[in-house]
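First comes the structure, then the notes that go with it.
The values are calculated or read from the model by the stated rules, or taken from the named source; none is laboratory data. Quantities reported herein were computed from a predicted structural model and do not represent experimental measurements. Cβ coordinates were reconstructed from backbone atoms using ideal geometry, including for glycine residues, and neighbour counts include every protein chain displayed. Only protein heavy atoms, including side chains, enter the accessible area calculation; ligands, DNA and RNA are left aside. Shrake-Rupley method; radii C 1.70, N 1.55, O 1.52, S 1.80 Å.
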Amino acid sequence: MISEELKKARDFEEQAEKSISESDRPVYHLTARTGWLNDPNGFSFFGGKYHLFYQYYPYKSVWGPMHWGHAVSSDLVKWDYLPAALAPDREYDGSGCFSGSSVTMSNGKQLIMYTGCSDDPSDERGRWKQQQCIAIGDGNDYEKYEENPVITEDDLPDGADPHEFRDPYIWKSGASRYRAVVANANEKNGGTTQMCLYKSDDGLHWRRESVLFEDSLKTGIMWECPNFFRIGSHFILMACPMDMEAEEAEGSVRFPKGNNECYMTGLFDEYTGEFMPQTSGDFNPLYYPVDCGLDFYAAQVLAAPENRYIMIAWMQDPENSKDHDPDIKLYGQLTFPRELFIKQGKLCQKPVRELTQYRGTETHYNNVRLDGETVLDGVSGRVADIELRLRPEAITTDTDARKLSYDRFAIRFAADKDTYTEFAYDPHASTVTIDRTRSVPGKIVAGERRTKVRNREGSLDLRILLDRSSAEIFINDGEQVITTTLQTPPEIQGISFLCSGKAIMNISKYELNVE
Ligand code: FRU
């Protein structure tokens, strides 16, 4: 039975989307069907299709009582909207159906586990109680389980705060066992994050197994949106510390102040249910940024067919998500799906291969000699897939040092004379910088970040995905990724290359025909 609230949301979105034209949306990045989108949810492969749900407020392009929007795809590039899947329509989720994930049950049904938020009159600070709930469906309609909530404050360890208890990440462990990790702030010691691990034999009845991980260093106020998965012999815990202090290292910013996404690799003890992250003298545990750009949060990782691990995230710094005109029809977009892999113990990313099927006209230049500013015929536009390889023209040897023939390389995109977003590479310091402060005419926009990259003696490989209002830059085969949204007016289309000194570039720019 569909509730009044869900029916209202479904009717509304069906009407409202008619007034949104294709040109209001990015070409190959998912937005809400209408209104507001934040975290990706329930990313799954079910019934032969990829399903992607998202935190959704259909009625306005601002955050509001959370619904789950729903879209499906057969290739992770083109998405079709389905009717909204969940609305906040029960006593236990009336204040919002918060983030969660999804798994296929042994009986072939799709199970969604999400956080139900509800008023808590006993909380002096007026916060919501957060409990884990289940809905079961056929890929189109979902029925909330009659015994919801299935994981409550009674299932929390001592000292845990039931108002900060959310974002279950569920997976099948073995043929008929389920596990889920849920983020929680423990009130002991002024609040440390603990990731609570639960287990179940049927996906419906849950018991606490362990605390998978506790952040004894108190990084940020709490970590939300956990993912826990295994690639080869590496177990990976990924989550979002909120309100972190900035962390700097080697002249670059490891983490800027604010909300970030980080990951740790390590071992998992099946018997104690504990994750043991790798540590080092400097960082204990050893956690790294997942993305080194300006807009990346709340990622969700899918263990997909053919042994692929595919990640998708909210392409937005939550901090800046309230700066827009609330009367626009759409706000929020997801990253392009990225395949994860491990190289020398580090998590690397590449855009899923399906995108290359949509490549159209190629503009290709070999051995372009860069010296000063260069503009290339046919290399411009706001929707493109670009591969670029740079090397110094020469490396000479002084008596005491190797010298590169250039000192700085930069690409400006969404550019005209005064407006641009700049990606720059310093081959001496081995750093890259993204700077979108000049991306909107007549105003300074927040956003600059510098990141250390591997020293490759002045050679650099880039894959750049541009899609109207975003750029995702994959550096050196995905060792690092920089993601940023852009509010640059669409008519600003230029791309230019700047080089202090002499370097050689090969570039292929592909049009993408996704319509
Ligand atoms: C992360 C988050 C989640 C929560 C959801 C609510 O962006 O705050 O922790 O479930 O958004 O929309």
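You will find that of F228, F255, the residue that is touching a residue at least 40 places away in the same chain (Cβ under 8 Å) and either open to solvent by less than 20 Å² (accessible area, probe 1.4 Å) or away from the ligand (no atom under 16 Å from the Cβ) (or both) is F228 and no other. Looking at the range 422-436, is at least one residue outside the structural domain of P289 (by TED's automatic domain parsing), over 15 Å from S252 (Cα atoms), touching a Pro at 6+ places or on another chain (Cβ under 9 Å) and not aromatic (F, W, Y)? For the range 422-436, residues outside the structural domain of P289 (by TED's automatic domain parsing), over 15 Å from S252 (Cα atoms), touching a Pro at 6+ places or on another chain (Cβ under 9 Å) and not aromatic (F, W, Y): absent.
Are any residues in the range 393-434 over 14 Å from G494 (Cα atoms), open to solvent by 20 Å² or more (accessible area, probe 1.4 Å), assigned to a strand (DSSP E or B) and in contact (Cβ under 8 Å) with a residue 24 or more places away in the chain, and if so, which ones? Passing the criteria: I395, R402, L404, D407, R408. The listed residues are G108, G139, and the only one of them that is open to solvent by less than 20 Å² (accessible area, probe 1.4 Å), assigned by TED's automatic domain parsing to the domain that holds H70, out of contact with any helix residue (DSSP H, G or I) (no Cβ under 6 Å at 6 or more places or on another chain) and part of a loop (DSSP other than H, G, I, E, B) turns out to be G139. Of everything listed in (1) within 14 Å of the ligand (Cβ to nearest atom); (2) in contact with a Cys (Cβ under 8 Å, 6 or more places away or on another chain); (3) farther than 21 Å from Y50 by Cα, the single unmet condition for A160 is (1).
Within the range 165-180, residues that are open to solvent by less than 60 Å² (accessible area, probe 1.4 Å) reach partners that are assigned to a strand (DSSP E or B) and among the hydroxyl-bearing types (S, T, Y) with beta carbons closer than 6 Å, at six or more positions or on different chains, in the pairs R166/T115; D167/S99; Y169/S101; I170/S101; Y178/S200; A180/Y198. Among the residues of the range 164-205, the ones that are in a strand (DSSP E or B) and within 16 Å of the ligand (Cβ to nearest atom) come to 17 in all. Considering only residues that are open to solvent by less than 40 Å² (accessible area, probe 1.4 Å) and modelled with pLDDT of 95 or more, look in the range 339-354 and name the one that is farthest from the ligand (Cβ to nearest atom). Only one residue fits best here, namely E354. In summary, strands (runs of 3 or more DSSP E) completely within the range 269-338 and bearing 2 or more residues that are open to solvent by less than 20 Å² (accessible area, probe 1.4 Å) occur at 297-304, 308-314. Listed by position, the strands (runs of 3 or more DSSP E) inside the range 206-261 whose residues that are at pLDDT 95 or above number at least 1 are 206-214, 223-231, 234-241. Could you please let me know if W206 is within 24 Å of R127 (Cβ to Cβ) and aromatic (F, W, Y)? When the stated conditions are applied, W206 passes them.
Condition check ((1) assigned to a strand (DSSP E or B); (2) more than 22 Å from G360 (Cβ to Cβ)) across all residues:
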residue	(1), (2)
I464	yes, no
V481	yes, yes
T484	yes, yes
L498	yes, yes
I504	yes, yes
Y510	yes, no
V514	no, no
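When G266 is tested against (1) within 22 Å of the chain's Cα centre (by Cα); (2) open to solvent by 40 Å² or more (accessible area, probe 1.4 Å); (3) not β-branched (V, I, T), only condition (2) is not met. Residues in the range 440-457 that are assigned to a loop (DSSP other than H, G, I, E, B) and either under 22 Å from the mean Cα position of the chain (by Cα) or at pLDDT below 95 (or both): 10 in all.
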